[in-house]
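Structure, as structure tokens:
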């Protein structure tokens, strides 16, 4: 049998199983239903303590069922796709739905017809991938001899899937991509820096990994983080967030102010701010899984809507809450065109070097290790892999330095956004400089023990 | 329940090659009520077989979504794992250490495998939600989640213990949100539960009502709370935070893979790393004569699990190992190699890690502080190989002249483990265990964290 015929047979098998699953749900009483069947193969090459350690191959399948019976919704997912398993999973799904209370806010999207989507790297190039990983490790060893790659996971995943909806929608997809994630530190004379981690997602092997994402910048930075000084002050100062650190704050901003949870429970401090200025006018934040710089981004929402890119904050104005279809119906607001955290922030017009040069006293934060911010946006935590900025220059790596502030206030106190951005296959972000952050360190707060 | 037919597939192992074969099923149920709305009503399950094979010090692993009694699937993953190990070994020529032979035996299944239906989760969540909404209508919102996960494994290895193990656990998470006088929302959130199914742990949901009442008092106090003064302070941390300290601040730095990468614990065996009042153990399955929160009897390399003593009277005494790190460092593996999903490789993970209780009373710890903080509940935590750690604190109080004062808003504490542990000068006599959530290290993992209340010095974030 030819490869092409094998592929056609597999595609047909997946399609048939998805329709079998859907039929089981509708025959069992679901008035709205979805079934997704997927076959995937993942190959993962691992490095531990700078040396190759493990090669892992995973053959997996997915059967994801959703049933809505008179407004009662249940979701059941299994990784078994045999006929008997499909029957059992469908029955389980109907049982889970039956246990729920009716809620008319659970609705599927209108029919979008039959579609086929193919994206990313569709063939696994094992030897070339391995060679790129060897090249990466050799480059790190040569350029950054004090760096230890404590863990590297290089992965290739390919998934073939079919999603069918009771509305008539059918989407068949084939997607493949590579990813490389590393955890690393630097060691000199038996003294280690803090660890840091970073990664990329890509659909080709044309470019050395070291040239992608934040690898080179982060690895270079860590070599200067072995010798650190404790911050000796408490002071309100400026803060520059690297793209990686900025991303973690964006997660908290969306999650705390404009996502499903704070709007359904009414705790969002921005719940009445749609159309108003909530950030510096230079800030535009888009959620853009369809952007060409995002690798194998999502195509369809859970309800069956086509994913579209959009700006939730545009020129500082809150334009759109990041609401699922369900949350939009519950809150009487508009559904977001997607709820994927593929963040793209429009770059500014100031080079990073000038952002640094404009700060008399502040901190460059590579990683934030903090408690979950409060509902009102207050945050505090440790600035990791971070540097002191004094008189426009990066001076020393810091340890035991806490930063605190408020997420909403921070967005109003933007000093500047860098013209440079980093694209890692999931997001495209610049550096951002803000004011009003409290830095605190070693000095003692008034405290003592009783005799 | 998984069949034990996988034991029969040892006949397919290559002689003289270290091989592991595992059949595994993970199930998870989630019911989430947010402001009374059922926003999540989900069951997930994954089942499969994996094989891991060692060739010249390099590992190959392969997995497939299949029933454990699927002979063809077992043979396929054994072949693929062998090929993967060969792929690596043919391309690298690292010096390697032979693993020490394991002890042969078989550990039978203890208990049964149960999967209560979704109705049971909704019953518990709805009862608690109804109590909150009726008794405390002034709250801005509330969240009630009923969550359970069960991991069942049948493991067979070329030279070690075969085992059939199951670990069920279930929790109810309760979150309350109140509005402060300045118009900003404040939240408290706690998990209740542990080993066992939702039916075993929450047969009577009203047993949690007193905890709801206590949480309500906490969120009310917090709504009028203050921000701590940023800087170093004398703190009394609760047993819950003591457990987090054991896990995050110390535990990770003494995992042998992190030691090999240069963690702060490297080269410190036999040295003082804490006050003499501090001892710490990673319990395998039994602590003080009772089952540990999440018992581990045999790990995924077929090593019979034993306690690992990490700190004794302030002296660092050991690391946690898998077979390979133990062989390299000339130490003993005690059952810390654990994998989360059927397709995952075993990694060095903690099990039930605790700072051991002392002789002081919590009331005396608080009474001893003239000006400081009592920190009760943590939301999350993270540590570093340098020993620097941070925990988010979601419930805390100031201590003034030996008495509890105003509540704190959310804050973060931090320190450097082996420096901070030397400041511990009082250790309470009660051990508190928690086991909800996951530890993250490439894979998620369920762990138990235990500790007594401690008096110590910490950095605290403020405004």
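FYI, it's all coordinate maths here, none of it is from the lab. Treat the numbers as computed from the prediction; the structure is a model and nothing was measured. In this analysis, Cβ positions are derived from the backbone assuming ideal geometry, glycine residues included, and neighbour counts consider all displayed protein chains.
The distance from the alpha carbon centre of segment B:216-231 to that of segment A:277-317 is 36 Å, rounded to a whole number.
Taking a ≥ b ≥ c as the square roots of the Cα gyration tensor eigenvalues, segment A:394-436 comes out oblate, since a/c reaches at least 1.5 and a/b does not exceed b/c. Compared with the direct C-alpha span, the chain from residue A:223 to residue A:2 gains 74.4 nm at full extension, assuming 0.36 nm per residue.
Listed from fewest to most Cβ neighbours within 10 Å, the set A:431, A:106 follows the order A:106, A:431.
Using the average count of surrounding beta-carbon atoms within 10 Å as a protection proxy, the listed peptides A:175-182, B:338-345 rank, highest first, as B:338-345, A:175-182.
What is the packing order of peptides B:98-110, B:279-291, A:23-35, taking the mean over residues of other C-beta atoms within 10 Å and listing the highest first?
Top of the packing list down: A:23-35, B:279-291, B:98-110.
Helix A:83-99 axis versus longest C-alpha principal axis of chain A: approximately 70°, rounded to the nearest ten.
I need the shape label for chain B. Rule: rounded when a/c is under 1.5, else prolate if a/b > b/c, else oblate, with a, b, c from the alpha carbon gyration tensor. Oblate is the answer for chain B, as a/c is 1.5 or above yet b/c matches or exceeds a/b.
Per-residue Cβ neighbour counts within 10 Å put A:276, A:413 in the sequence A:276, A:413, beginning with the fewest. Over the C-alpha atoms of segment A:227-451, the Rg to Rh ratio, Rh being the Kirkwood estimate, stands at 1.01.
Ranked for footprinting exposure by Cβ neighbours inside 10 Å, fewest first, A:227, A:427, A:333 give A:227, A:333, A:427.
The mean count of C-beta atoms from other chains within 10 Å of the C-beta of residues in A:59-70, rounded to a whole number, is 3. Within 10 Å of the Cβ of each residue in B:62-69, the mean number of Cβ atoms contributed by other protein chains is 5.
Please say if chain A is rounded, prolate or oblate, where rounded means a/c under 1.5 for a ≥ b ≥ c the square roots of the C-alpha gyration tensor eigenvalues, and otherwise the choice is prolate for a/b larger than b/c and oblate otherwise? Judged from the Cα gyration tensor, chain A comes out oblate (a/c at least 1.5, b/c at or above a/b). Based on the Kirkwood approach, the hydrodynamic radius assigned to segment A:259-365 is 15.6 Å, with every pair of different Cα atoms included. Shielding by partners for peptide A:261-268, expressed as the average number of C-beta atoms from other protein chains within 10 Å of each residue's C-beta, is 6.
Relative to the longest principal axis of the Cα atoms of chain A, helix A:243-253 runs at roughly 60 degrees.
For segment A:146-295, the calculated P(r) over all alpha carbon pairs, in 5 Å bins from 0 to the bin holding the longest distance, is 2, 6, 10, 13, 13, 14, 14, 13, 8, 3, 2, 1, 0, 0 percent. Spin-label model, residue B:370/residue B:401: points 7 Å from Cα along the beta carbon direction are separated by 1.3 nm.
Its Cα gyration tensor gives the protein assembly as shown an equivalent ellipsoid, and the semi-axes of that ellipsoid, as √(5λ) in whole Å with the largest first, are 38, 34, 31. Taking Cα atoms only, the orientation of helix A:3-27 departs from the longest principal axis of chain A by about 80 degrees. Each residue, residue B:309 and residue B:8, gets one label point 7 Å from its Cα in the Cβ direction; the gap between the two is 4.5 nm. Summary of packing: across the peptides A:48-60, B:42-54, the per-residue average of other C-beta atoms within 10 Å ranks them, highest first, as B:42-54, A:48-60.
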